[in-house]
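What follows is a single structure, written as structure tokens, with notes after it.
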Amino acid sequence: GANNLLNPKYGDTNLDMFVAGDSRSGKVIAKQLTLDLGFADCYDVGGNDKFALLEEFAFFWINLAMFQKLGREIGFKLLKR
């Protein structure tokens, strides 16, 4: 949701963003833009062949937000050990 672009902060945690594409320079710019917006990190999921993954990820968010009635104030954070 656009609300997450305006404010990616949830409590003490900032959301993560994800990018895909074959343009190395385009991904560098996209990553910097997401960091400038306040996202914690921007993960590169691959080239143009990974666009469908991000589209399905967006549909997953829409499903949770709208159809499962969780609302638009939800987002994703990649956790690592």
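The values are calculated or read from the model by the stated rules, or taken from the named source; none is laboratory data. Because the structure is predicted, anything quoted here is derived from the model rather than measured. Backbone-built Cβ (ideal geometry, glycine too); neighbour counts: all protein chains shown. With ligands, DNA and RNA removed, areas are computed over all heavy atoms of the protein, side chains included. Shrake-Rupley method; radii C 1.70, N 1.55, O 1.52, S 1.80 Å.
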Between the Cα axis of helix 24-37 and the main Cα principal axis of the chain, the angle (0 to 90°, nearest 10) is 30
Residue-normalised value, i.e. accessible area per residue, for the chain at 1.4 Å probe, in Å², stands at 72
Accessible surface of the chain, 1.4 Å probe, proportion on carbon and sulfur as whole %: 61
Measure nothing fancy, just the Cα-based angle from helix 51-62's long axis to the longest principal axis of the chain, in degrees from 0 to 90, nearest 10. 10
Full extension from residue 48 to residue 36: what is 0.36 nm times the residue separation minus their Cα-Cα distance, to one decimal in nm? 1.9 nm
Lys and Arg at +1, Asp and Glu at -1: add these up for the other residues within a Cβ distance under 12 Å of residue 19 and post the number. 0
Listed residues 29, 62, 74 arranged by accessible area, highest first, probe 1.4 Å: 29, 62, 74
What label, among (i) 31; (ii) 53; (iii) 46, belongs to percent of Cα pairs over 21 Å apart computed from the structure on display? (i)
For the chain, calculate the relative contact order in percent as a whole number, restricting contacts to Cα pairs under 8 Å that are 6 or more residues apart. 34
